[in-house]
Amino acid sequence: MDSQIQQSHVHPSDLHQGEAHHLETLALREQFDTEAQQKDASTLGMWVFLITEVMFFGGMFLGYTLYRSNYADTWALASRSLNLPIGATNTCVLLFSSFTMAMAVRAGQLGKKKAVILFLILTMLFGLAFLGIKGYEWTQKFEEHHVPALANFHLEGTQLQGQAKLFFSFYFAMTGLHALHMVVGVGIVLFIIFQTMRNKYSPKYYTPIDIAGLYWHFVDVVWIFLFPLFYLIDRHP
Amino acid sequence: MATAAVLERETYLNASYGLKSWLLTKDHKRIAILYFITISIFFAIGGTFAGLIRLELLTPQADLVSSETYNKLFTMHGVIMVFFFLIPSIPATLGNFFLPIMIGARDLAFPRINLLSWYLLILGGVLAIYAMVAGGVDTGWTFYTPYSTSYANTYVIATALGIFVAGFSSILTGLNFVVTVHRMRAPGMTWFRMPLFVWAHYATSLIQILGTPVLAVTLVLILCERTLHIGIFDPALGGDPILFQHMFWFYSHPAVYIMVLPGMGVISEIVSTYSRKPVYGYAFVAFSSLAIAVVGFLVWGHHLYVSGQSLYAGLVFSFLSYFVAIPSAVKVFNWTATLYKGSISYDTPMLYAFGFIGLFTVGGLTGLFVASLGLDVHVTDTYFVIAHFHYVMVGGTIMAYLGGVHYWWPKMTGRMYPEHFARLSAVVVFIGFNLTFFPQFILGYQGMPRRYHVYPPEYQVLHVLSTAGATVLAVGYIMPLIYLIWSLKYGPVAGKNPWGATGLEWSIPSPPPTHNFDRIPVVMHEAYDYSAVPREVEVG
Amino acid sequence: MNEHPHQDPEHAEHIDSVKTYAVILVALLCLTILTAFVATIDLGPLNIIVALSIAVAKMLLVVLVFMHVRFSTRLTRVVLVGGLLWLAILLLFAFTDFNTRGLLGVPGK
């Protein structure tokens, strides 16, 4: 479909504003009048989408908060079984990826194609590193018998295995959902790299890079909260 | 018989031909038509389940179906009607078609996302129908835990997945509408010049955006819990089933307003057009939509009065529930005030609108009964509740939907429907509806619990009345199906403004061209300014 | 609110400097190390407050700088604040129940 669309960037003033038909470009789809209008609409659309994501994770945060307050002691014990250095390292990896993503958007604003590609590849690599470390942590849980769905589940030091199970249920559900968003994010970044190489973007039209960045940073923000909630609260001995 | 004038002009219907041109369309009008066909099918399926339920309830014994089958019938009736008919009903069809036109836009902001949302509804619907064909689901449309997660032996997973996917369809529609209203208005179309239909859809979209994701995550947890038994909602493992109810109703109570708010928008348009007066207190009606959307999020706990929620929370939620009555009453009073000294014509859409105002008032006022903490303990889970929400959902939303379909039929198809049959159907629907559901108020007050297919013989008279009413109602629903399809070929050709209505949709030809407007209009008038509209009804 | 979305406003695109982003990155990394360190010290109930405050600070840095909310339209900010408000409604009203079980002394309520 995109191949039918002309690559030229029509300046808004070239158009007779209000006319029903105009040459459709990536930067100016048929339904819009001006490129600025389209950019505003895309950005607003992304923010509204992120709000739906906030509410989506919000349901899990509600469950987490309830059981954290009901079963504080068991959950504190379970918290301590998580590997803090690895969690902190992973947080830093993700923060680096956000930085490179911000740099990629900046390069897009300036129209530096090579820099866009470089920073997006870095972002993707940091993202994959995060997922790799996360995967390592999860496999550790299997070895430590901390997987709630398995019959051999056992957390040392407590009789209340049901409450401990709940902790790890939320741990897996929330970090899993977050990781799923990371996987989608890597896919999006890959697509944007591909499109950048095909010269789809310019300083006048870099909206996809921009909103991919918004998504990426949002996923980062979710982790910024998951990290203290699972690894840090009541951590001290 | 098409006239030459219709053939010459390019419309959204004849711009291109073939199945592919419909299945890959980005035109909001064509997508609306796809939705029309889809939800009509779902309505027929859901209606069939309702028919079987009413048939079984003719006698106090179980003659037609077993208790297991009956559980599946009312569950699937609820699932199909709520998630696959009522939620998409007005927004995805009339909203999709007219919201962009009403604000002077060529299309929604994201046409491809609009098409995607239709495919998501289809995918969700296929999953739900698969679950039904494979063996059904018997948890009730509310999926209460731990029954749905630990004990039900039916197709909970497929159904929940279907609703999950359909939920994204709803979210994307809402997102599209919000961005479109903010960013696509024509020059001069200020917020307070927008038709109230658009305001109602804007408020609806906010609920879809803020509520539906919570339903989605609730269903994800249901799926995890059911497949892995990790104890999130299972009291045996330390989980709290009430947590499920909080999460479910955080969406599902506001979802009631997703269903009824667009209907209120339709009624505002119809009441104004057929009394030829601007809606009384425009700004109040506009803001009451937003108020319903906001307050609707603060009252979900009134579904939990008898389920282990704290008494204190019950008091808070009961108190807050009364506040929903204020914006709802503002709307009803303002519609009524609009009629005052109006030049009223009793055309079909207006008959439906009258039906809506009356039935919604009954549904709304009985809502106050069930919102009050003490009284609800008596009527909870009885037919009183059933009757209450059917007065809002069926007497409200479906009346408005049918009214809107008739009102905009000439615009969408370019053909007039047969007025006499249509008026008759409106009356039949009204009578059938009341006969079906009014006896259920009495049944419920006398203690007939919901979800039972065997009942004491003393309830039989009222049940028979209700089933008779359902038959009349079915006739009332089948009539429009027949004459509307008939009118597509044989109806008189409609002019561009057969009702002498205001609004940008009546300033363009019927049916509209693909890009809606030859030139994007510049809006100079307030909404419902009849001074600029010729009175003559032009037909043919 | 932008009343004339069809007009082309002069979108003065603000481009942050590399230095800004680098400073924010360093701040985020420092906060991460700080919060991980504080978690190992017993501060009583303060632990939760510190951990969440640092998380909120980090969120603000990312949202305001990396996501350009500093320079965004008022509408974007309304959307953002509205979303967080609704999350608060979900938590607040659900806990109106969870935290008041048995408060009024009625058995089972």
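A few remarks follow.
- Qualifying residue in the stretch B:475-483 (condition: crowded, with 18+ Cβ neighbours inside 10 Å, in contact (Cβ under 8 Å) with a residue 40 or more places away in the chain and touching a strand residue (DSSP E or B) at 6+ places or on another chain (Cβ under 6 Å)): no
- Residue in the stretch A:169-196 that is nearest to residue A:124 (Cα to Cα), counting only those that are in contact with a helix residue (DSSP H, G or I) (Cβ under 6 Å, 6 or more places away or on another chain) and among the hydroxyl-bearing types (Ser, Thr, Tyr): A:196
- Checking residue A:176 against (1) at pLDDT 95 or above; (2) crowded, with 22+ Cβ neighbours inside 10 Å; (3) over 23 Å from residue C:66 (Cα atoms), the condition it does not meet: (2)
- Count of residues meeting criterion [in contact (Cβ under 8 Å) with a residue 12 or more places away in the chain and either surrounded by fewer than 21 Cβ atoms within 10 Å (Cβ to Cβ) or within 10 Å of the chain's Cα centre (by Cα) (or both)] in the stretch A:194-204: 7
- Evaluating residue A:165 against the criteria (1) more than 13 Å from chain B (Cβ to nearest Cβ); (2) surrounded by 14 or more Cβ atoms within 10 Å (Cβ to Cβ) leaves one unmet condition, (1).
Yes/no per residue for (1) touching a strand residue (DSSP E or B) at 6+ places or on another chain (Cβ under 8 Å); (2) at positive phi; (3) part of a helix (DSSP H, G or I); (4) not small (Gly, Ala, Ser):
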position: B:312; (1), (2), (3), (4): no, no, yes, yes
position: B:325; (1), (2), (3), (4): no, no, yes, no
position: B:328; (1), (2), (3), (4): no, no, yes, no
position: B:334; (1), (2), (3), (4): no, no, yes, yes
position: B:346; (1), (2), (3), (4): no, no, no, yes
position: B:358; (1), (2), (3), (4): no, no, yes, no
position: B:361; (1), (2), (3), (4): no, no, yes, yes
position: B:368; (1), (2), (3), (4): no, no, yes, yes
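- Test: residue in the stretch B:73-93 that is within 30 Å of residue B:192 (Cα to Cα) and part of a loop (DSSP other than H, G, I, E, B): no
- Complete set of residues in the stretch C:8-41 that are at pLDDT below 90 and more than 8 Å from chain A (Cβ to nearest Cβ): C:10, C:12, C:14
- Residue in the stretch B:100-115 that is surrounded by the fewest Cβ atoms within 10 Å (Cβ to Cβ), counting only those that are within 13 Å of chain A (Cβ to nearest Cβ) and part of a helix (DSSP H, G or I): B:112
- If only residues of the stretch A:70-87 that are in a helix (DSSP H, G or I) and surrounded by fewer than 19 Cβ atoms within 10 Å (Cβ to Cβ) are counted, the one that is nearest to the other protein chains (Cβ to nearest Cβ) is A:84.
- Number of the exception - residue B:447 against (1) closer than 30 Å to residue B:69 by Cα; (2) buried (at least 18 other Cβ atoms within 10 Å of the Cβ); (3) small (Gly, Ala, Ser): (2)
- Residue within the stretch B:148-170 that is within 23 Å of residue A:169 (Cβ to Cβ), at pLDDT below 95 and among the aromatic types (Phe, Trp, Tyr) present: yes
- Taken over the stretch A:157-193, the criterion of being touching a residue at least 24 places away in the same chain (Cβ under 8 Å) and part of a loop (DSSP other than H, G, I, E, B) is satisfied by A:157, A:158, A:160.
- Just one residue in the set B:251, B:257, B:305 is outside any helix (DSSP H, G or I) and farther than 30 Å from residue B:416 by Cβ; that residue is B:305.
- Once the stretch A:168-216 is narrowed to residues that are closer than 30 Å to residue A:77 by Cα and among the small types (Gly, Ala, Ser), the residue that is nearest to the other protein chains (Cβ to nearest Cβ) is A:169.
- Residue list for the stretch B:494-523, restricted to those being within 14 Å of chain A (Cβ to nearest Cβ), part of a loop (DSSP other than H, G, I, E, B), in contact (Cβ under 8 Å) with a residue 12 or more places away in the chain and at negative phi: B:508, B:509, B:512, B:513, B:514, B:515, B:517, B:520, B:521, B:522, B:523
- Residues of the stretch B:273-291 satisfying the condition of being buried (at least 21 other Cβ atoms within 10 Å of the Cβ) and part of a helix (DSSP H, G or I): B:273, B:274, B:275, B:282, B:285, B:286, B:288, B:289
- For the stretch B:205-227, the set of residues classified as of a type in the set (Val, Ile, Thr), within 9 Å of chain A (Cβ to nearest Cβ) and closer than 30 Å to residue B:99 by Cβ consists of B:209, B:212, B:214, B:217, B:218, listed by residue number.
- Candidates in the stretch B:228-241 are the residues that are at the interface with chain A (Cβ under 8 Å from one of its Cβ atoms) and not in a loop (DSSP other than H, G, I, E, B); of these, the one that is farthest from residue B:306 (Cα to Cα) is B:228.
- Residues located in the stretch B:524-535, provided they are touching a residue at least 60 places away in the same chain (Cβ under 8 Å), aliphatic (A, V, I, L, M) and surrounded by fewer than 18 Cβ atoms within 10 Å (Cβ to Cβ): B:524
- The set of residues in the stretch A:30-69 being within 26 Å of residue C:47 (Cα to Cα) and more than 8 Å from every other protein chain (Cβ to nearest Cβ) consists of A:64, A:68.
- A single entry from B:247, B:264, B:259 fulfils the requirement of being more than 9 Å from chain A (Cβ to nearest Cβ), buried (at least 24 other Cβ atoms within 10 Å of the Cβ), touching a Leu at 6+ places or on another chain (Cβ under 7 Å) and not small (Gly, Ala, Ser): B:259.
- Residue C:86 satisfies every condition listed in (1) at pLDDT below 95; (2) hydrophobic (A, V, I, L, M, F, W, C); (3) under 30 Å from residue B:185 (Cβ atoms); (4) in a helix (DSSP H, G or I) except (1).
- Breaking point among (1) within 30 Å of residue B:208 (Cα to Cα); (2) touching a Pro at 6+ places or on another chain (Cβ under 9 Å); (3) surrounded by fewer than 17 Cβ atoms within 10 Å (Cβ to Cβ), for residue B:25: (3)
- Residue within the stretch B:429-445 that is among the hydroxyl-bearing types (Ser, Thr, Tyr), under 24 Å from the mean Cα position of the chain (by Cα) and part of a helix (DSSP H, G or I) present: yes
- Any chance residue B:121 is farther than 22 Å from residue B:289 by Cα, surrounded by fewer than 24 Cβ atoms within 10 Å (Cβ to Cβ) and modelled with pLDDT of 95 or more: no
- For the stretch C:42-61, the criterion of being of a type in the set (Val, Ile, Thr), over 14 Å from the mean Cα position of the chain (by Cα), surrounded by 16 or more Cβ atoms within 10 Å (Cβ to Cβ) and facing another protein chain (nearest Cβ under 7 Å) is met by at least one residue.
The values are calculated or read from the model by the stated rules, or taken from the named source; none is laboratory data. This structure is a prediction, so every number in the text was calculated from the model and none was measured. Here Cβ is always computed from backbone atoms with ideal geometry, including for glycine, and neighbour counts include all displayed protein chains.
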